[in-house]
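Reviewing the structure listed below.
The values are calculated or read from the model by the stated rules, or taken from the named source; none is laboratory data. Just so you know, these numbers come straight off a predicted model, no measurement behind them. For neighbour counting, all protein chains shown are included, and Cβ atoms are generated from backbone atoms with ideal geometry for every residue, glycine included.
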Amino acid sequence: MIDEEQLAAEAFTATMRDGVLWVEWLAGMSVGEADAIALVERADVISRNVCPPMLVELNGMVTLSRTALRRFAGDLNIAAMAIVGPTAVDRALAAFFAEVHDPPYPTRYFRHRANALPWLTGCPHAP
């Protein structure tokens, strides 16, 4: 039997690429607090001693719990977040996160990562 923490750790991939912390959620995820905690912990390990910008690919994410959104807004040590996804649901999740949870870092929605990367690596929030 797989425990909830192990499932959360497998819900996404997180890697550092050219100074940007890339997060890719598995397709069609419903993200809860355990997933958020796993991401915050992984980000802390990957980007120890730096505060990188983060690119998040939602990949058809279905839902994000309020507790997960609070964790992302309060616990991530990042300079900025670009949320990428082509659907209306992606746009709604990104808008809800930015407006309701008011993260302390700049947050912006993009339909494509090609548009997100120049914003993330530009001033003033670039590493």
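Flag not set for LEU76, criterion: touching a Phe, Trp or Tyr at 6+ places or on another chain (Cβ under 7 Å), of a type in the set (A, V, I, L, M) and at negative phi.
Quick check: anything in the range 68-77 among the basic types (Lys, Arg) and modelled with pLDDT under 95? Scanning the range 68-77 turns up no residue that is among the basic types (Lys, Arg) and modelled with pLDDT under 95.
Among the numbered conditions (1) of a type in the set (Val, Ile, Thr); (2) more than 13 Å from TRP25 (Cβ to Cβ); (3) exposed (fewer than 14 other Cβ atoms within 10 Å of the Cβ), the only one that THR63 does not meet is (2). Scanning the range 41-58 for residues that are surrounded by 16 or more Cβ atoms within 10 Å (Cβ to Cβ) and either of a type outside the set (A, V, I, L, M) or not in a loop (DSSP other than H, G, I, E, B) (or both) returns ARG42, ALA43, SER47, PRO52, PRO53, MET54, LEU55, VAL56, GLU57. Residues in the range 66-87: is at least one within 24 Å of GLY122 (Cα to Cα), among the basic types (Lys, Arg) and within 14 Å of the chain's Cα centre (by Cα)? No, because not a single residue in the range 66-87 is within 24 Å of GLY122 (Cα to Cα), among the basic types (Lys, Arg) and within 14 Å of the chain's Cα centre (by Cα). The residue pairs whose first member lies in the range 65-94 and is more than 17 Å from ALA116 (Cβ to Cβ), whose second member is exposed (fewer than 14 other Cβ atoms within 10 Å of the Cβ) and of a type outside the set (S, T, N, Q), and whose beta carbons are closer than 7 Å, counting only pairs six or more residues apart or on different chains, are ALA73/ASP102; ASN77/ASP44. Per the conditions (1) loosely packed, with under 14 Cβ neighbours inside 10 Å; (2) in contact with a helix residue (DSSP H, G or I) (Cβ under 7 Å, 6 or more places away or on another chain), the sole criterion not satisfied by VAL100 is (2).
For residues that are among the charged types (D, E, K, R) and more than 14 Å from the chain's Cα centre (by Cα), scanning just the range 15-40, find the one that is surrounded by the most Cβ atoms within 10 Å (Cβ to Cβ). Let's see the steps before the verdict.
In the first step, residues of the range 15-40 are kept if they are among the charged types (D, E, K, R); the result is 17-18, 24, 33, 35.
Next, from what is left, pick out any that are more than 14 Å from the chain's Cα centre (by Cα): 17-18.
Working: ARG17: 10, ASP18: 8.
By that ranking, first place goes to ARG17.
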